[in-house]
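Asker: This is the structure, below, for whatever I ask next.
The values are calculated or read from the model by the stated rules, or taken from the named source; none is laboratory data. These numbers were taken from a predicted model, which means no experiment stands behind them. Neighbour counts run over all protein chains shown; Cβ positions are idealised from the backbone, glycine included. Keep in mind that these areas ignore ligands, DNA and RNA; they rest on the heavy atoms of the full protein, side chains included. Shrake-Rupley method; radii C 1.70, N 1.55, O 1.52, S 1.80 Å.
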Amino acid sequence: MEILIEQITEEGLVFEFEKSVETFPVLAEMVASSECNFAAPIRTIVRVLRIGDMVEIDGDIETSVRLPCSRCLRPFETYLKPHFTLTYMRRATDIIEDTEPKEVELSAEDMGIVYFQGEKINLKDTIQEQVIMEFPLRALCKQDCKGLCPRCGADLNEDPCDCDRRSWPGKFAVLKNLKLEKSPSD
Ligand SMILES: [Zn+2]
Ligand SMILES: [Zn+2]
């Protein structure tokens, strides 16, 4: 997933990569810890152009991931298709990273600027980061997933159980009983 700066022209070039999930350490770790499973390799197409020491990268990634639903816990497959645009700028070799104020570093990142050194840009970390950011915050097998019954654990999408889910055990139930006992004497 390396791009040689020298190769890139002002007219631009298109690169395509198709890599297995194992190529990306953080994604491979997520699979190893059963957080998710990938149903497809990570495919990336990038359009790259260079103006002097500035490289513009416009990329599309696509893959498919299997995740457990956060409500019913059933695994479902979802398509991830992050798009990104980044500007890579050559960092002068005499600048030591630690002496730079952190704010400058942060705002550069916010603006989509990435610094590189040397003659190549390696897109591996960028691709991995884009895939992770595209993961749904609340993974739902469907928008109206009914989830599991908090009492018996039945999957309410399949068939509703007989539990009374309107009354909850604990304090709330006790209060309700008190009220019922009191009402006849009122
Ligand atoms: Zn669900
Ligand atoms: Zn139930």
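Asker: For Ser33 paired with Cys163, estimate the spin-label separation in nm (one decimal), with each label point 7 Å from Cα along the Cα-to-Cβ line.
Answerer: Placing both labels 7 Å beyond Cα along the Cβ direction yields 2.9 nm.
Asker: Taking amide H positions as placed 1.01 Å from N in the peptide plane, with prolines and chain starts having none, which residues 5 or more places from Tyr115, or on another chain, fall under 5 Å of its amide H?
Answerer: Residues meeting the criterion, in which the H sits 1.01 Å from N, are Met89.
Asker: Something else now. Kindly sort Asp53, Asp162, Asp144 by accessible area of their heavy atoms, largest first, with the probe set to 1.4 Å.
Answerer: In descending accessible area the options line up as Asp162, Asp144, Asp53.
Asker: Another question, then. Applying 1/(1 + (r/R0)^6) with R0 = 35 Å to the Cβ-Cβ distance of Phe76 and Val14, what FRET efficiency is obtained, to the nearest 0.05?
Answerer: The calculated FRET efficiency here is 0.60.
Asker: What does the C-alpha gyration tensor say about the overall shape of the stretch 52-94? Classify as rounded when a/c is under 1.5, otherwise prolate if a/b is larger than b/c, or oblate.
Answerer: Prolate shape, in that a/c is at least 1.5 and a/b is the bigger ratio.
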